[in-house]
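Novice: Just dropping this structure here.
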Amino acid sequence: MNDAVRRAAEILRAGGLVAFPTETVYGLGADASNADAVARLYKVKGRPAEHPVIVHFATAEAAFAWASEVPGAAHVLAKRFWPGPLTLILKCSEKAKGFITGGQPSVGLRVPSHPVAQQLLREFGGGIAAPSANRFGGVSPTTASHVRADLGADVDMVLEGGASEVGIESTIVDLTGPAPVVLRPGAVTREQIEATLQAAVRDKGTGDGAPRHSGGLERHYAPRTPARLVATHALDAEIARLKDAVAVLAFSRPDERVDYWLRMPRDPAAYAQRLYAALRELDSAGCSQILVEAPPETAEWAAVRDRLVRACA
Ligand code: TXA
Ligand code: MG
């Protein structure tokens with residue numbers, strides 16, 4: 001156990017805020033059973049109080065103690081995907097207080113696999129409430145320096161853990177209803193969940209109301225520079241038409257007419273891993289617009305497409 005992790009756990013016990021690496025994105029952590037610490041977390045994050053926050057644990061056993069009911073599907077998914085980039089929404093036990101759940105009767109639980117997150121969770125012992133360590137609505141951080149750039153002195157400590165391997169937030173599966181629903185797509189795909197449960201799993205269509213979750217907002221994960229999705233076949237014409245400085249995120253080779261061009265991998269996992277760093281880079285390029293080449297309309301691109309659509313809303 002290294003000193004930084006021990007210090008981080010002490011800060012959490014004292015009600016402080018610690019940003020820490022996970023395999024998805026960096027989280028802004030607080031003791032999930034400390035109302036004051038969570039209140040400060042929401043304030044720093046700039047997040048409305050009625051938005052629930054995910055609680056992180058070292059093991060499935062510890063996580064499930066925060067649920068009043070653990071359906072068979074939860075055990076099956078936990079066994080297959082935890083530790084890893086999956087969040088389960090379950091009915092909450094009395095351990096999950098209203099200040100965590102946004103007053104809803106359910107709670108989001110996750111067991112991350114990143115070794116530093118695991119060390120911190122084991123050393124701390126309890127649940128760590130952690131949204132992504134960025135200001136509300138912005139691009140999630142995938143490195144410690146992203147966190148420092150976003151939150152600066154508002155966080156008591158930032159634990160180093162390299163660049164997040166997955167790069168986009170966890171898949172969220174709601175198990176509180178009669179059938180499982182994917183609330184937010186991620187590295188664990190709907191198809192993998194269906195195969196694991198051997199049951200049909202629905203995707204939450206946008207705009208069908210409850211439950212509340214900020215990743216479900218139309219504009220989210222967004223850079224400050226206006227961004228637009230453009231179909232591959234329309235990209236050339238769009239570039240020719242634009243007069244202002246433009247930054248482009250695309251699969252193809254750079255175009256000379258464009259001021260700032262980032263080329264992305266054609267593999268969805270590799271694309272996801274680089275996505276947020278790329279959006280940050282394009283955002284700071286000083287262009288008046290960002291154009292994003294739309295990824296393929298296939299299942300394996302669902303999570304990346306979801307983030308791009310919201311970044312461009
Ligand atoms: O990968 C991740 O999930 C990262 C890392 C840090 O673990 N965390 C993350 O947290 O993305 P956050 O707060 O930025 O997004 C979590 C999403 C939000 O949209 C939140 O509203 C939703 O999960 N959520 C949490 N509890 C919920 C609940 N009981 N019902 C519905 N949605 C919930
Ligand atoms: Mg977030």
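Novice: Quickly estimate the mean residue ellipticity at 222 nm for the chain, helices only: each DSSP H run with n ≥ 4 gives -39500 (n - 2.57), and the total goes over all residues, rounded to 500.
Specialist: Helix-only estimate at 222 nm: -9500 deg cm²/dmol.
Novice: Quick one: Debye curve from the alpha-carbon atoms of the chain only, equal weights, vacuum; give me log10 I(q)/I(0) at q = 0.11, 0.15 Å⁻¹ to two decimals.
Specialist: Cα-only, vacuum Debye calculation for the chain: -0.66, -1.17.
Novice: Separate question: Just want the ordering: His56, His51, His75, from fewest to most Cβ atoms lying within 10 Å of their own Cβ. Before the final figure, lay out each step's value.
Specialist: Working: His56 30, His51 19, His75 12.
So the residues, fewest neighbours to most, are His75, His51, His56.
Novice: Using θ = phi - 60° and the Karplus form 6.51 cos²θ - 1.76 cosθ + 1.60, what ³J(HN,Hα) does each residue of segment 169-182 get, whole Hz, x for Gly and Pro?
Specialist: Each residue of segment 169-182 in turn: 5, 4, 5, 10, 10, 8, 10, 8, x, x, 9, x, 10, 7 Hz.
Novice: Return, for the Cα atoms of segment 85-136, the radius of gyration and Dmax in Å, separated by a comma.
Specialist: Radius of gyration, then largest Cα-Cα span, for segment 85-136: 12.1, 32 Å.
Novice: So, by mean Cβ neighbours within 10 angstrom, what's the order for 130-136, 24-30 with the highest one leading? Please list the in-between numbers first.
Specialist: Details: 130-136: 23.6, 24-30: 29.3.
Answer by packing, highest mean first, reads 24-30, 130-136.
Novice: Can you tell me the orientation of helix 302-311 relative to the chain, as the angle in degrees between its alpha-carbon axis and the longest Cα principal axis, to the nearest 10?
Specialist: On a 0 to 90 degree scale, this one is about 70.
Novice: Quick one: helix 3-13 against the long Cα principal axis of the chain, what's the angle to the nearest 10°, folded into 0 to 90?
Specialist: 70
Novice: May I pose another question? May I ask you to list the lysines whose Cα is less than 24 Å away from that of Lys97, ignoring any residue fewer than eight positions away on the same chain?
Specialist: Correct list for Lys97: Lys43, Lys45.
Novice: Still on this structure, please answer the following. Order 79-87, 41-49 from most to least packed using the mean count of other Cβ atoms within 10 Å.
Specialist: Working: 79-87: 20.9, 41-49: 17.3.
Per-residue Cβ counts within 10 Å, averaged per peptide and sorted highest first, yield 79-87, 41-49.
Novice: Calculate, in nm to one decimal, what Ala237 and Ala49 gain on full extension: separation in residues at 0.36 nm each, minus their alpha carbon distance. If you can, show how the numbers build up before the last one.
Specialist: Numbers: separation 188, 0.36 × 188 = 67.68 nm, distance 4.41 nm.
Once the chain is fully extended between Ala237 and Ala49, it gains 63.3 nm.
Novice: Find the Cα radius of gyration of segment 262-308, compare it with 2.2 N^0.38 Å by division, and give the number to two decimals. It would help to have the intermediate numbers written out before the result.
Specialist: Details: Rg = 11.0 Å, N = 47, 2.2 N^0.38 = 9.5 Å.
Here the answer is 1.15, to two decimals.
Novice: Let me ask another. Once you place label points 7 Å from the Cα toward the Cβ at Ala200 and Ser145, how far apart are they in nm?
Specialist: Label-label distance for Ala200 and Ser145, simple model: 4.9 nm.
Just so you know, all these numbers are worked out from the coordinates, no wet-lab data involved. Every value quoted in this text rests on a predicted model; they were computed, and no experiment measured them. All Cβ positions, glycine included, derive from the backbone under ideal geometry; neighbour counts span all protein chains shown.
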